[in-house]
1. Spot the failing condition for Ala17; the list is (1) farther than 30 Å from Glu326 by Cα; (2) hydrophobic (A, V, I, L, M, F, W, C); (3) surrounded by 15 or more Cβ atoms within 10 Å (Cβ to Cβ), and only one is missed.
2. Output yes when any residue across the stretch 135-155 is in contact with a Leu (Cβ under 9 Å, 6 or more places away or on another chain), surrounded by fewer than 21 Cβ atoms within 10 Å (Cβ to Cβ) and within 27 Å of Thr72 (Cβ to Cβ), and no when none is.
3. With the checklist (1) at pLDDT 95 or above; (2) surrounded by fewer than 21 Cβ atoms within 10 Å (Cβ to Cβ); (3) hydrophobic (A, V, I, L, M, F, W, C) in hand, flag the one item Cys232 doesn't pass.
4. Of the residues in the stretch 82-120, how many are away from ligand 1 (no atom under 13 Å from the Cβ) and either crowded, with 18+ Cβ neighbours inside 10 Å or outside any strand (DSSP E or B) (or both)?
5. Determine whether Glu206 is on the phi > 0 side of the Ramachandran plot, acidic (Asp, Glu) and not assigned by TED's automatic domain parsing to the domain that holds Val80.
6. Do the conditions hold for Ala66, that is, is it assigned to a strand (DSSP E or B), away from ligand 2 (no atom under 16 Å from the Cβ) and crowded, with 22+ Cβ neighbours inside 10 Å?
7. Would you point out the residue of the stretch 22-50, among those that are part of a helix (DSSP H, G or I) and closer than 24 Å to Ala139 by Cβ, that is nearest to ligand 2 (Cβ to nearest atom)?
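The values are calculated or read from the model by the stated rules, or taken from the named source; none is laboratory data. Keep in mind it's a predicted model, so treat the numbers as computed, not measured. Cβ atoms come from the backbone with ideal geometry, glycine included; neighbour counts cover every protein chain shown.
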Amino acid sequence: MLQAVFAAPHRIVVEEAPIPDPAPGEALVRVAACGICGTDLKINEGHYLGALPIVPGHEFAGVVEALGDGVTRVAVGDLVAINPNLPCRRCAFCRTGKPHLCTASQAVGVTRPGGFAEYCCVPAELLVPVPGDLPLAQAAMMEPVSCCLHGIDVAGVKPGDSVILLGGGSIGLILLQLSRAAGASFAAVSEPRTEKRKLALTLGAEEAVAPEEIASVAQALPGGGAEIAIECAGVTAAARQALSLVRPGGTVLLFGVCPPGETVALEPYEVFHRELTVRGCYTNPFTDTRALSLLESGQVLVEPLISHVYSIEQVEEGIAAVRAGETVKAQVRPG
Ligand SMILES: [Zn+2]
Ligand SMILES: [Zn+2]
């Protein structure tokens with residue numbers, strides 16, 4: 001089979017490799033589509049949890065081709081989406097209902113071989129059956145949608161809320177749709193690129209404006225700001241701006257992966273006097289099947305987000321396009 005290996009920082013090798021044999025408890029999945037994520041850029045730079053070399057790719061769906069010993073919950077031919085995160089189930093966090101904070105977790109495409117390959121062996125417990133006739137390319141978006149869903153849960157979006165999203169990439173546009181699905185009556189997107197602003201308007205935003213205009217959108221809201229502002233671009237300056245866009249009592253959710261080590265100035269008096277809440281959210285605890293349901297029902301549309309498709313041979317080109325901000329969502333589709 002063909003696979004793309006991140007061999008060393010900024011070095012990608014596309015090579016032939018034997019189709020792996022599923023170990024006991026694993027299934028061999030033929031990959032139909034695998035998203036390229038910001039996390040993959042960080043892995044490519046050598047800056048993330050996993051160690052190089054690795055076959056990355058943690059946002060994928062495909063068809064079960066073979067089963068290792070003891071696997072009974074899926075069958076050959078089943079269509080499945082992959083939840084890449086495998087907690088240890090033994091640490092203090094796993095034992096208290098927070099497996100996403102596991103101190104010994106593994107992840108497909110991060111610490112184990114992932115979906116930038118024609119085939120991938122996945123622990124069967126991470127496979128989620130794809131419902132109905134949801135296309136596999138859309139089912140491959142289960143992982144990012146499930147992470148966004150955890151974010152919406154953590155932010156506590158309620159019917160009637162106003163939400164401002166800083167960043168109109170695929171994550172911002174998923175969080176936008178989830179905000180509306182959670183009942184937000186107003187959503188605005190701050191995004192520098194015109195095409196992404198247009199897409200935001202078709203996906204449920206009342207307003208989509210350039211970052212320098214979002215402050216006046218916020219000020220025009222009742223109470224002078226949104227109930228909830230979500231940083232979805234991984235831009236540290238936007239995280240600081242988000243604090244100024246919520247009204248008193250508001251919540252700022254830091255969803256984007258900002259560069260480690262960067263800081264923002266926080267005035268404790270402001271947080272006190274305006275009774276602000278600042279929350280983080282990490283990965284996707286207990287949200288994978290809900291994410292698939294939202295995709296199947298059409299409450300979250302991902303087809304309009306998939307802007308670029310690459311073969312395995314083109315992974316390097318795809319990574320470069322994502323890094324340049326040219327894509328909304330890019331996928332690798334073997335074959
Ligand atoms: Zn991802
Ligand atoms: Zn654990």
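1. Status for Ala17: all satisfied but (3).
2. yes
3. Exception for Cys232: condition (2).
4. Number of matching residues: 27.
5. Considered against the rule, which asks whether it is on the phi > 0 side of the Ramachandran plot, acidic (Asp, Glu) and not assigned by TED's automatic domain parsing to the domain that holds Val80, Glu206 comes out as no.
6. For Ala66, the condition - assigned to a strand (DSSP E or B), away from ligand 2 (no atom under 16 Å from the Cβ) and crowded, with 22+ Cβ neighbours inside 10 Å - is not met.
7. Top of the filtered list is Thr39.
Yes/no matrix, rows are residues, columns are (1) in the same structural domain as Asn44 (by TED's automatic domain parsing); (2) surrounded by fewer than 18 Cβ atoms within 10 Å (Cβ to Cβ); (3) part of a loop (DSSP other than H, G, I, E, B):
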residue: Gly261; (1), (2), (3): no, yes, yes
residue: Glu270; (1), (2), (3): no, yes, no
residue: Pro285; (1), (2), (3): no, no, yes
residue: Thr289; (1), (2), (3): no, yes, no
residue: Leu292; (1), (2), (3): no, no, no
residue: Glu296; (1), (2), (3): no, yes, no
residue: Val309; (1), (2), (3): yes, yes, no
residue: Glu313; (1), (2), (3): yes, yes, no
residue: Gly318; (1), (2), (3): yes, no, no
